[in-house]
1. Checking a compactness column here: for chain B, what do you get for Rg(Cα) / (2.2 N^0.38 Å), N being the number of residues?
2. Let me spell out the model: positive unit charges on the Cβ of Lys and Arg, negative unit charges on the Cβ of Asp and Glu, origin at the Cα centre of the protein assembly as shown. What dipole size does that give, in debye rounded to 20?
3. Enumerate the amide H contacts of B:V174 below 5 Å, restricted to partners 5 or more residues apart or on another chain; note that Pro and chain-start residues carry no placed amide H.
4. Would you mind calculating the relative contact order of region A:134-196 from Cα pairs under 8 angstrom and at least 6 residues apart, reporting the percent as a whole number?
5. Would you mind ranking B:D276, B:D82, B:D201 by Cβ crowding within 10 Å, fewest neighbours first?
6. With 33 Å as the cut-off, how large is the P(r) tail for the protein assembly as shown, expressed as percent of Cα-Cα pairs?
7. What number comes out for the charge environment of A:K306, summing +1 per Lys or Arg and -1 per Asp or Glu over other residues with Cβ under 11 Å away?
8. Looking at A:S243, B:L115, A:V295, which one has the Cα that reaches farthest to the positive end of the dipole of the protein assembly as shown (charges on Cβ: Lys, Arg +1; Asp, Glu -1)?
Amino acid sequence: MDSITVLMTSPMSDYLETQLKDRFNLVKLWTYSSKTDFFKHNSHSIRAIVGNTKIGADAELIDSLPELEIVSSYSVGLDKIDLRKCQEKGIRVTNTPDVLTDDVADVAMGLMLAVARRVCECDRFVRRGLWPKGDFRLTNKFSGMQVGIVGLGRIGSAIAKRAEAFGCPISYYSRSEKPETNYKYFSNIIDLAVNCQILVVACALTEETHHIVNREVIDALGPEGILINIGRGSLIDEPELVSALLQGRLGGAGLDVFENEPEVPEQLFGLENVVLMPHVGSDTVETTDAMADLVIKNLEAHFLKKPLLTPVV
Amino acid sequence: MATEDNEVEDHRPLVLIHHLPSFKLPLQDRLITHFRLFDSLASPEASSVRALICVGPTPVTADNLDHLPSLRLVVGSSAGLDHVDLAECRRRGISVTNSGDAYSENVADYAVALLLDVLRRVSAADRFVRSGLWPQMGEYPLGCKLGGKRIGIVGLGSIGSEVAKRLVAFGCTVAYNSRNKKPSVLYPYYANVHDLAVNSDVLIVCCALTNETHHIINKDVLTALGREGVIINVGRGALVDEKELVQFLVQGEIGGAGLDVFENEPNVPKELFALDNVVLSPHLAVSTPESFEALNELIIANLKAFFSNKPLLSPF
């Protein structure tokens with residue numbers, strides 16, 4: 001298949017890059033100095049795009065590649081892909097669900113525990129040599145805290161299963177109620193926030209869910225509440241989040257995603273009640289390889305005219 | 001003529017609060033409703049007191065016991081009792097209680113928190129972001145998947161069981177070593193820690209410190225655990241040969257460590273401060289208000305049981 005030209009949008013995985021190079025004619029978007037230069041050389045040969053959470057396939061890119069047949073995303077999130085345009089033009093879209101569910105859920109739990117028990121702050125306390133001067137203070141018990149999940153999909157459910165093992169009562173807000181679970185459903189996010197101590201944002205980013213966690217929700221969660229985001233930065237109104245934390249209106253936050261990655265509001269750097277990670281939810285050796293394998297399998301299936309493994313469109 | 005009696009007779013049993021100057025019993029004022037308290041071995045009441053509360057790691061020695069001829073109960077306020085001369089207590093017919101289950105969930109929570117932090121680099125990632133390096137450096141080193149890891153629990157007591165229960169929900173498998181095999185437990189049992197280490201990716205140390213378990217995690221065990229192995233210690237510092245562990249970590253011969261306890265607290269080997277695959281905490285796995293509430297209730301319950309000749313709730 002090395003006559004088939006595939007476009008990789010950004011440096012997302014050395015392993016994936018090697019696999020793509022071995023199988024296809026690989027074009028790397030970031031090696032071009034300008035868009036015009038890129039389009040001049042490639043616009044009529046590219047038949048597939050491999051995108052990720054940084055650069056997907058927006059309308060401009062899709063429109064400029066007349067031979068485009070498939071977008072295979074190295075992510076489960078689809079917010080960087082113009083799905084409507086793909087549907088209109090009959091372009092297939094695949095993503096990487098399931099393989100990363102456990103790792104993302106694990107980071108959500110890691111953030112919850114780290115914020116509730118101040119793990120990072122304690123580590124800083126010891127490394128700064130403060131322990132001989134006096135003990136650290138008490139932190140709140142994690143087991144039994146009420147956990148509210150926004151979006152009870154694969155990742156949300158995996159988080160619920162883990163939190164249950166700590167005796168945490170689970171409640172959720174989702175597009176639809178899931179009667180097969182025993183968890184308590186709330187029909188709106190404010191009621192969910194009022195009734196939980198830890199609010200975990202685990203839903204997809206769409207036009208409807210943009211800033212779903214706004215000032216009202218943050219205030220409902222309150223000064224003892226903890227907000228965890230492993231979804232997409234824009235699910236939360238970030239400036240409102242920052243001011244709530246600075247003013248003590250929110251108890252704490254654990255964030256793996258931000259509105260404008262890799263930029264993170266600097267006012268958060270001085271706060272002890274936040275834990276910040278650079279969008280690493282699926283970043284383990286095992287899972288990144290599994291995601292890459294799934295991207296490759298989807299591309300191969302498409303070009304061999306076999307059924308796609310994880311189609312979205 | 002009735003005599004006016006202004007003094008109500010004090011029926012509260014006498015209890016000694018045995019504590020080093022720097023250690024205070026949390027919520028001590030709650031005990032006063034139930035018990036008459038004093039805190040000095042030099043007090044004349046030492047000769048008649050039948051029960052003492054041992055605060056934190058305050059040692060209870062044979063010499064102390066010589067000053068307490070009527071003592072029949074030592075109530076510990078920690079899970080571990082390595083600071084109490086248990087052999088002497090046994091010899092003198094003195095019962096001992098510990099903190100039972102009061103801390104177990106909190107310690108288990110912290111053990112899991114440390115493990116997640118080491119494998120997924122939570123604290124290291126937080127440092128990376130706060131230093132403003134993300135826009136400059138873009139990528140961040142990959143972590144290790146927790147799901148599917150083989151967890152070896154050293155000491156499947158109350159704390160070890162709570163750790164196991166949590167990690168099973170993350171898709172881990174659990175095996176253990178304990179003083180005795182537990183017939184009601186389905187996890188695979190290994191008769192010694194070395195064999196457990198050979199068959200584990202992670203060792204979580206939750207056992208009591210005794211003469212037998214001193215340095216139970218030694219060079220041999222660390223080697224058996226392997227270059228990708230992770231050690232979590234929420235027991236006592238001296239369960240691990242700290243010098244060896246530091247060498248292994250500095251040389252990259254082990255994957256990482258999460259440590260809440262150390263051999264010579266509050267001193268922590270400085271070589272660890274530069275390592276990103278190590279997470280350190282100042283012996284506070286138990287330290288939540290909920291733990292101390294639960295402990296207080298248990299102490300009162302044990303003392304009340306003792307003074308009314310009923311079975312103790314958390315005999316050691």
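Derivation of every value follows stated rules applied to the coordinates shown; laboratory data play no part. Only a predicted model underlies this, so the values are computations on that prediction, with no experimental measurement involved. All Cβ positions, even for glycine, are placed from backbone atoms using ideal geometry, and neighbour counts span all protein chains on display.
1. Values: Rg = 22.7 Å, N = 316, 2.2 N^0.38 = 19.6 Å.
In units of the 2.2 N^0.38 Å rule of thumb, it is 1.16.
2. Numbers: 60 positive and 80 negative charges, 222 e Å.
Once rounded to the nearest 20, the dipole reads 1060 debye.
3. Amide H neighbours of B:V174: B:I151.
4. On the way: 78 pairs, mean separation 21.5, N = 63.
Across region A:134-196, relative contact order equals 34 percent.
5. Numbers: B:D276 14, B:D82 18, B:D201 21.
Ascending Cβ contact count within 10 Å gives the list B:D276, B:D82, B:D201.
6. Numbers: 104071 of 197506 pairs.
That tail contains 53 percent of the Cα-Cα pairs.
7. Neighbourhood net charge equals +1.
8. Selected residue: A:V295.
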